[in-house]
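J.: I have a structure here, written as structure tokens, and I will follow up with some questions on it.
The values are calculated or read from the model by the stated rules, or taken from the named source; none is laboratory data. Bear in mind that the values here come from a model prediction, so they are computed numbers and not experimental data. All Cβ positions, glycine included, derive from the backbone under ideal geometry; neighbour counts span all protein chains shown. Note: areas computed on protein heavy atoms with side chains; ligands, DNA, RNA excluded. Shrake-Rupley method; radii C 1.70, N 1.55, O 1.52, S 1.80 Å.
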Amino acid sequence: MTPSERDHEIGRRRTFAIISHPDAGKTTLTEKLLLYGGAIQLAGSVRARRDQPSTASDWMELEKERGISVSSTLLQFEYGGCVINLLDTPGHKDFSEDTYRVLTAVDSVIMVIDAAKGIEERTRKLFEICRLRGIPIFTLMNKMDRPSQDPLTLLDELEKVLGIGAFPVTWPVGNGETFRGVYDRLERRLHLYERSARGRHRAPERVSGIHDEAFKTLLSPKDHADWVEEIEMLAGAGESFEPADIQTGLLTPVFFGSGITNFGVQLLLDYFIRHGAPPQPRISTDGRSIDPASPVFSGFVFKVQANMNPRHRDRLTFVRICSGTFEKDMVVPDPDTGKPVRLSYPQKLFGQDRESVEIAYPGDIVGLVTHKAFRIGATLTTDPEIRYDEIPRFSPEAFATIRNIGTEKQKQFREGLDQLLDEGVIQAFKTPESGLTSSLLGAVGQLQFDVVLHRLRNEYGADPRIDPAPYTLVRWFDAGVRRDQYEEAYLGIGVKLAEDLQGYLVLLFPTAWALDYFLEKNPGTRLHTVSPQAKALPASVI
Ligand code: G4P
């Protein structure tokens with residue numbers, strides 16, 4: 001392959017995720033993007049197939065029981081000359097760590113907002129994470145088929161609450177019951193749609209201009225006059241659509257629509273293909289900017305998951321390719337030991353369906369079937385000098401001890417728990433009391449414990465039990481601080497010295513008050529909310 005052919009392949013990659021507050025319509029939009037992208041023929045299958053063993057987007061039993069999306073899925077398909085890699089992110093806040101990891105692997109996002117509710121809490125946090133990376137954010141004001149807030153108010157909120165410039169690419173015609181379609185302000189074309197049952201098929205669409213006579217009759221004379229005035233007012237505001245501002249995350253292009261009826265979905269997809277970012281350079285920890293077009297292969301692990309599919313009980317390591325070309329069976333140094341490892345059995349994924357991959361390009365995600373457990377955040381590269389930042393862990397706020405009831409399934413329990421720790425489903429801390437039979441776990445949210453129990457039972461046949469532990473906070477010491485330096489010290493009531501799985505020393509506190517007390521009594525000690533090798537995240541995104 002020539003360099004220009006490779007450049008072409010890189011330039012047509014669009015790797016993105018959809019972010020939203022739960023219930024804003026992420027799952028529905030995912031499905032409609034697949035429908036318009038030609039990847040599925042009939043919508044309704046993703047949600048309806050929840051009751052079957054195989055689903056395109058949600059696959060774990062627990063997800064079905066709770067109706068939530070726990071583990072992220074990858075959907076890869078071609079549309080409009082582009083290769084689209086859509087990464088699913090769990091919506092629930094208890095899985096924010098998993099979502100954060102996925103967002104390190106994308107080049108753009110689509111932010112879905114319920115147009116009746118405006119910006120909600122999770123949207124704001126996820127937006128902050130994306131802003132930290134300066135990636136393009138496309139906004140969909142969704143559910144316009146229901147009574148919604150005034151479009152100008154919604155735009156104003158984007159600018160005031162999120163502090164991002166907003167450019168309405170489309171403008172709604174009608175609201176709620178009277179929502180008929182959208183006006184494409186850049187192409188000056190009116191798209192009027194008809195509703196079909198739950199939008200299972202593409203919505204029949206009529207494209208015309210603003211002076212279309214039939215359009216006038218769709219709205220009351222007053223509504224029509226108001227609408228025309230609004231469009232003129234927007235045009236008169238003189239804002240221009242600057243693709244460069246979108247690419248750097250300064251401006252969000254805004255689309256109005258309704259995932260359920262499909263209104264406006266195609267316009268969003270088409271603009272996204274055109275203006276969403278292709279793979280961008282990434283910074284190695286030595287400060288070098290690694291261009292995707294560089295011939296040297298590099299990528300990083302952002303997710304590990306075993307037993308995703310009962311038909312394939314194996315471990316998948318998800319790698320985001322950042323530069324060079326990935327080839328099946330290529331050999332790279334092990335990021336931990338430096339010994340050569342062969343990257344065999346690479347898979348391309350579409351929900352649960354897998355296909356073997358021979359070659360993949362920057363922007364692509366490959367799922368490696370590995371015996372070795374690569375760490376989340378590990379860099380895989382043929383140039384050992386390249387290293388991408390470790391993916392930080394969130395500081396746990398809930399703690400519990402886990403053990404297996406009885407001695408029979410001890411081996412399964414240990415094997416399962418080790419696997420879940422490798423996947424980063426949960427964190428563990430070593431205390432003098434913990435050992436082979438019990439472990440102290442730390443979670444960002446309670447649901448993570450439920451996932452651990454559920455998976456240990458169902459995937460490993462273990463019989464686990466969880467009991468709450470009396471801590472609410474963990475803090476890391478500086479790297480290099482040893483246990484014996486603090487073993488004799490008085491730490492405070494209920495405060496415990498422990499180590500994380502990498503061997504870094506931590507303190508577990510029962511209350512914030514105990515933490516303050518410790519700091520007061522040990523003024524020279526520096527404590528951190530993340531482990532020494534990880535970068536701290538601003539509190540606003542956690
Ligand atoms: P999420 O992944 O962000 O959590 O949202 P999801 O797509 O699951 O949608 C949440 C609810 O909102 C669903 O209703 C869905 O049908 C509805 N919804 C999604 N997009 C639209 C839209 O554009 N307009 C309207 N009116 N509703 C929308 P549900 O009652 O929870 O489920 P269901 O019985 O409809 O399947």
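J.: Any idea which of (1) in contact (Cβ under 8 Å) with a residue 40 or more places away in the chain; (2) closer than 23 Å to A116 by Cβ; (3) small (G, A, S); (4) open to solvent by 20 Å² or more (accessible area, probe 1.4 Å) is the one A166 doesn't satisfy?
T.: Condition (4) is where A166 drops out.
J.: Restricting to the range 3-36, name every residue that is part of a helix (DSSP H, G or I), farther than 13 Å from T89 by Cβ, open to solvent by 20 Å² or more (accessible area, probe 1.4 Å) and near the ligand (Cβ under 9 Å from one of its atoms).
T.: Across the range 3-36, the qualifying residue is only T28.
J.: Separate question: Of all residues in the range 280-295, how many are open to solvent by less than 50 Å² (accessible area, probe 1.4 Å) and out of contact with any strand residue (DSSP E or B) (no Cβ under 6 Å at 6 or more places or on another chain)?
T.: 1
J.: Y460: more than 26 Å from A534 (Cβ to Cβ), surrounded by fewer than 18 Cβ atoms within 10 Å (Cβ to Cβ), in the same structural domain as P523 (by TED's automatic domain parsing) and in contact with a helix residue (DSSP H, G or I) (Cβ under 8 Å, 6 or more places away or on another chain), yes or no?
T.: No.
J.: Could you run through the range 77-97 and say how many residues are within 18 Å of G367 (Cβ to Cβ), within 15 Å of the ligand (Cβ to nearest atom) and not polar (S, T, N, Q)?
T.: 4
J.: Something else about it: Does E63 satisfy the condition of being at pLDDT 55 or above, assigned to a strand (DSSP E or B) and not aromatic (F, W, Y)?
T.: No: the conditions fail for E63.
J.: Given the criterion at pLDDT below 90 and either assigned to a helix (DSSP H, G or I) or touching a Ser or Thr at 6+ places or on another chain (Cβ under 8 Å) (or both), identify the matching residue among F255, F215, F272, F241.
T.: Sole residue among the options that is at pLDDT below 90 and either assigned to a helix (DSSP H, G or I) or touching a Ser or Thr at 6+ places or on another chain (Cβ under 8 Å) (or both): F215.
J.: Same structure, new question: Those residues that are modelled with pLDDT of 80 or more and either among the aliphatic types (A, V, I, L, M) or not assigned by TED's automatic domain parsing to the domain that holds T30 (or both), I need them from the range 66-91; list them, please.
T.: Selection gives L74, L75, V83, I84, L86, L87.
J.: Among the numbered criteria (1) crowded, with 16+ Cβ neighbours inside 10 Å; (2) acidic (D, E); (3) closer than 18 Å to R475 by Cα, which one does E423 miss?
T.: In the conditions (1) crowded, with 16+ Cβ neighbours inside 10 Å; (2) acidic (D, E); (3) closer than 18 Å to R475 by Cα, E423 misses (3) alone.
J.: While we're looking at this one, here's another question. Return a yes/no flag: does the range 307-318 have any residue that is assigned to a loop (DSSP other than H, G, I, E, B) and among the aromatic types (F, W, Y).
T.: no
J.: Only one of L505, L491 is among the aliphatic types (A, V, I, L, M), more than 13 Å from F429 (Cβ to Cβ), free of Cβ contacts under 8 Å to residues at least 60 places away in the same chain and in the same structural domain as V444 (by TED's automatic domain parsing). Can you tell me which?
T.: That would be L491, the only listed residue that is among the aliphatic types (A, V, I, L, M), more than 13 Å from F429 (Cβ to Cβ), free of Cβ contacts under 8 Å to residues at least 60 places away in the same chain and in the same structural domain as V444 (by TED's automatic domain parsing).
J.: Output the residues belonging to the range 428-443 that are out of contact with any strand residue (DSSP E or B) (no Cβ under 9 Å at 6 or more places or on another chain) and touching a residue at least 24 places away in the same chain (Cβ under 8 Å).
T.: L436
J.: Considering each of D145, D212, D150 in turn, give the residue that is open to solvent by 20 Å² or more (accessible area, probe 1.4 Å), on the phi < 0 side of the Ramachandran plot and under 28 Å from the mean Cα position of the chain (by Cα).
T.: None of the others qualify; the one that does is D145.
J.: Please verify whether V173 is open to solvent by less than 20 Å² (accessible area, probe 1.4 Å), without any contact (Cβ under 8 Å) to a residue 60 or more places away in the chain and in contact with a helix residue (DSSP H, G or I) (Cβ under 9 Å, 6 or more places away or on another chain), treating the condition exactly as stated.
T.: Judged against the criteria, V173 is a match.
J.: Please go through the range 218-238 and pick out each residue that is part of a loop (DSSP other than H, G, I, E, B) and surrounded by 15 or more Cβ atoms within 10 Å (Cβ to Cβ). Before you say what the answer is, go through the steps one by one.
T.: Our first condition is that a residue be part of a loop (DSSP other than H, G, I, E, B); within the range 218-238, this holds for 219-220, 237-238.
Within the range 218-238, L219 is the sole residue that qualifies.
J.: Also: Hey, among the residues in the range 258-269 that are touching a Ser or Thr at 6+ places or on another chain (Cβ under 9 Å) and in a helix (DSSP H, G or I), which one's farthest from the ligand (Cβ to nearest atom)?
T.: So, considering only residues that are touching a Ser or Thr at 6+ places or on another chain (Cβ under 9 Å) and in a helix (DSSP H, G or I), the one farthest from the ligand (Cβ to nearest atom) is L267.
J.: Which members of the range 418-449 meet the condition of being out of contact with any helix residue (DSSP H, G or I) (no Cβ under 7 Å at 6 or more places or on another chain) and assigned to a helix (DSSP H, G or I)?
T.: Passing the criteria: D418, Q419, L421, D422, E423, F449.
J.: Considering only the range 181-194, how many residues are within 32 Å of the chain's Cα centre (by Cα) and closer than 12 Å to G264 by Cα?
T.: Here the count works out to 6.
J.: Which of the following residues is hydroxyl-bearing (S, T, Y) and open to solvent by 70 Å² or more (accessible area, probe 1.4 Å): Y486, Y490? Let's see the steps before the verdict.
T.: Details: Y486 fails: open to solvent by 70 Å² or more (accessible area, probe 1.4 Å).
Sole residue among the options that is hydroxyl-bearing (S, T, Y) and open to solvent by 70 Å² or more (accessible area, probe 1.4 Å): Y490.
J.: Among the residues of the range 122-139, are any open to solvent by 30 Å² or more (accessible area, probe 1.4 Å), of a type outside the set (A, V, I, L, M) and within 14 Å of the ligand (Cβ to nearest atom)?
T.: No, the range 122-139 contains no residue that is open to solvent by 30 Å² or more (accessible area, probe 1.4 Å), of a type outside the set (A, V, I, L, M) and within 14 Å of the ligand (Cβ to nearest atom).
J.: Separate question: Return the residue satisfying two criteria in turn: it lies in the range 142-194 and is polar (S, T, N, Q) and within 16 Å of the ligand (Cβ to nearest atom), and of such residues it is nearest to G249 (Cα to Cα).
T.: If we take residues in the range 142-194 being polar (S, T, N, Q) and within 16 Å of the ligand (Cβ to nearest atom), then T170 is nearest to G249 (Cα to Cα).
J.: Taking only the range 181-190 into account, find how many residues are surrounded by 21 or more Cβ atoms within 10 Å (Cβ to Cβ) and out of contact with any Lys or Arg (no Cβ under 9 Å at 6 or more places or on another chain).
T.: Summing the residues that are surrounded by 21 or more Cβ atoms within 10 Å (Cβ to Cβ) and out of contact with any Lys or Arg (no Cβ under 9 Å at 6 or more places or on another chain) in the range 181-190 gives 1.
J.: Does the range 292-299 include one or more residues that are at pLDDT below 95, assigned to a strand (DSSP E or B) and not assigned by TED's automatic domain parsing to the domain that holds R101?
T.: no
J.: Give the residues of the range 334-377 that are over 19 Å from D422 (Cβ atoms), open to solvent by 70 Å² or more (accessible area, probe 1.4 Å) and charged (D, E, K, R), sorted by residue number.
T.: R342, K348, D353, E355, E358
J.: Residues of the range 127-137 being in a helix (DSSP H, G or I) and within 16 Å of E157 (Cα to Cα), which ones?
T.: Of all residues in the range 127-137, those in a helix (DSSP H, G or I) come to 127-133.
F127, E128 - these are the residues of the range 127-137 that are in a helix (DSSP H, G or I) and within 16 Å of E157 (Cα to Cα).
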